[in-house]
Amino acid sequence: MMQPACATGHDSGIPTILVAGGAGYIGSHMVKRLALSGYQVLVVDNLSTGFRDAVRHGQFVEGDLADAGFLDRIFVERGISAVLHFAALSQVGESVLVPVRYYRNNVANTLNLLDAMQRHGVQNFIFSSTAAIFGEPGYTPIDERHPMQPISPYGRSKKMVEEILADGDRAGGLRYVSLRYFNAAGADPDGELGERHDPESHLIPLVLQAASGRRSHIAIFGSDYPTPDGTCIRDYIHVHDLCTAHLLALEHLLAGGASLALNLGNGQGFSVREVIDTARRVSGREIPVQVHDRRPGDPAILVADSRNASVKLGWTPLYPDLETIVGDAWSWEQRKSRSW
Ligand code: UDP
């Protein structure tokens, strides 16, 4: 077991990490990873989209980032060394329909969290950002110099927070790592946790629900894109590898490292049809498809250039191949389809 890089603020000498949104998909995997890496973990989640039973480690406190009094109690009672912030709404399409809800959750609540950190002298912040901050790609793969021109309220809400973080860093008292996820996918290789949204909207879990028979078919959103098979190309990244990047980012900040904003993907794109074919191979099942119209706001190709993450954090994905990503998600889907 790896030992945390520094010890501050807690009686036991082990850093306590506050994980906001730790009952969600990526947050719950991260909570487990932090606990197994020897950190004390405090999970805060309002359970609006997360699940209590996804928090298998650490200590859970139900509460809302909109509630400054609640945050004060959390920060006063525990010596918190760093905050990992996963608590956000993340559906591009929904954000177009209810933008104010997105700005309130993703921007205003993040400000509350940053305010509480400042009041209690906590400096280290790791932020879940997204490829959606870039908008329509001007070139591919997308590196950190690519202009940020988001085309949805979701993307704009994340870009706003990135700008707030950069200002906070310039003003002093805040150091952060902003991690721009491309397409988070897969499940805990131990089989304990996996992707769970209600309703589900992401490609890989939906394809696997069609494979297990929980869904009649998978809808392909658009087959007339300028790509080799006409379907959108995305860079799928295993949730385990995302967690590794967070762990390295945390060690970087706890060791006094400078603020960073990094793109996270495998640098390889797969089309919707390639994902479906992989799921057919992995599951050995038929997966009926129907071709639908394009989904508004979907760029044709989104692929990350993650060389900076490798240079700055020493990050290397362990599970870059799509078969493993889909395979772990399939194990989780089989478990779910048996039990729920
Ligand atoms: N997609 C699809 N059918 C679905 C869900 C998604 O064809 O039922 C496509 C979507 O248009 C995009 C890709 O799959 O090109 C990945 O979508 P997802 O929602 O998983 O992630 P996003 O790229 O929006 O972050």
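When Ile237 is tested against the conditions (1) within 16 Å of the ligand (Cβ to nearest atom); (2) open to solvent by 10 Å² or more (accessible area, probe 1.4 Å); (3) closer than 17 Å to Ser28 by Cβ; (4) out of contact with any Lys or Arg (no Cβ under 9 Å at 6 or more places or on another chain), the lone failure is (2). Filtering segment 108-142 to residues that are open to solvent by less than 20 Å² (accessible area, probe 1.4 Å) and over 22 Å from Leu254 (Cβ atoms) leaves Asn109, Thr130, Ala131, Ile133, Phe134, Gly135, Ile142. Close Cβ contacts (under 7 Å, 6 or more residues apart or on different chains) running from residues in segment 276-293 that are touching a residue at least 40 places away in the same chain (Cβ under 8 Å) to residues that are part of a helix (DSSP H, G or I) and among the small types (Gly, Ala, Ser) comprise Ala279/Ala211; Val282/Gly327; Ser283/Ala211; Arg285/Ala211; Ile287/Ala210; Ile287/Ala211; Ile287/Ala279; Pro288/Ala210. Against the conditions (1) among the aliphatic types (A, V, I, L, M); (2) more than 9 Å from the ligand (Cβ to nearest atom); (3) open to solvent by less than 30 Å² (accessible area, probe 1.4 Å); (4) out of contact with any helix residue (DSSP H, G or I) (no Cβ under 9 Å at 6 or more places or on another chain), Ala171 satisfies every one except (3).
Out of the residues in segment 187-207 meeting the condition of being within 14 Å of the ligand (Cβ to nearest atom) and free of Cβ contacts under 8 Å to residues at least 40 places away in the same chain, tell me which one is most open to solvent (accessible area, probe 1.4 Å). Selected residue: Pro199. Thr231 meets the conditions (1) open to solvent by less than 20 Å² (accessible area, probe 1.4 Å); (2) closer than 21 Å to Ser128 by Cβ; (3) within 9 Å of the ligand (Cβ to nearest atom); (4) not basic (Lys, Arg) in every case but one. The failed one is (2). Among the conditions (1) within 14 Å of the ligand (Cβ to nearest atom); (2) of a type in the set (A, V, I, L, M); (3) within 19 Å of the chain's Cα centre (by Cα); (4) in a loop (DSSP other than H, G, I, E, B), the only one that Val326 does not satisfy is (4). Scanning segment 80-110 for residues that are charged (D, E, K, R) and within 15 Å of the ligand (Cβ to nearest atom) yields a single hit, Glu94. Across segment 17-36, the number of residues qualifying as on the phi < 0 side of the Ramachandran plot and open to solvent by less than 10 Å² (accessible area, probe 1.4 Å) comes to 11. Determine whether Ile142 is of a type in the set (Val, Ile, Thr) and either more than 16 Å from the ligand (Cβ to nearest atom) or touching a Pro at 6+ places or on another chain (Cβ under 8 Å) (or both). For Ile142, the condition - of a type in the set (Val, Ile, Thr) and either more than 16 Å from the ligand (Cβ to nearest atom) or touching a Pro at 6+ places or on another chain (Cβ under 8 Å) (or both) - is not met.
Look through segment 160-190, keep the residues that are among the basic types (Lys, Arg) and in contact with a strand residue (DSSP E or B) (Cβ under 8 Å, 6 or more places away or on another chain), and return whichever of them is farthest from Pro296 (Cα to Cα).
The extreme case among them is Arg175.
Results for (1) over 27 Å from Phe70 (Cβ atoms); (2) within 14 Å of the ligand (Cβ to nearest atom), shown as yes or no for each residue.
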| residue | (1), (2) |
| --- | --- |
| Asn112 | no, no |
| Gly135 | yes, yes |
| Glu163 | no, no |
| Ala185 | yes, yes |
| Gln209 | yes, yes |
| Ser212 | yes, no |
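Here Ala255 passes the criteria (1) within 11 Å of the ligand (Cβ to nearest atom); (2) modelled with pLDDT of 95 or more except the one numbered (1). Scanning segment 153-186 for residues that are of a type in the set (Ser, Thr, Tyr) and either within 15 Å of the chain's Cα centre (by Cα) or assigned to a helix (DSSP H, G or I) (or both) returns Tyr154, Ser157, Ser178, Tyr181.
Restricting attention to segment 288-322, the residues that are open to solvent by 80 Å² or more (accessible area, probe 1.4 Å), of a type in the set (D, E, K, R) and away from the ligand (no atom under 13 Å from the Cβ) add up to 2. Each residue in segment 273-287 was checked for being within 23 Å of the chain's Cα centre (by Cα) and open to solvent by less than 20 Å² (accessible area, probe 1.4 Å), and 4 pass.
The values are calculated or read from the model by the stated rules, or taken from the named source; none is laboratory data. From a predicted model like this one, the values you see are computed outputs, not experimental measurements. A quick note on method: Cβ atoms are made from the backbone with ideal geometry, for glycine too, and the neighbour counts reach across all protein chains shown. Accessible surface is based on the protein model in full, side chains and every heavy atom, while ligands, DNA and RNA are left aside. Shrake-Rupley method; radii C 1.70, N 1.55, O 1.52, S 1.80 Å.
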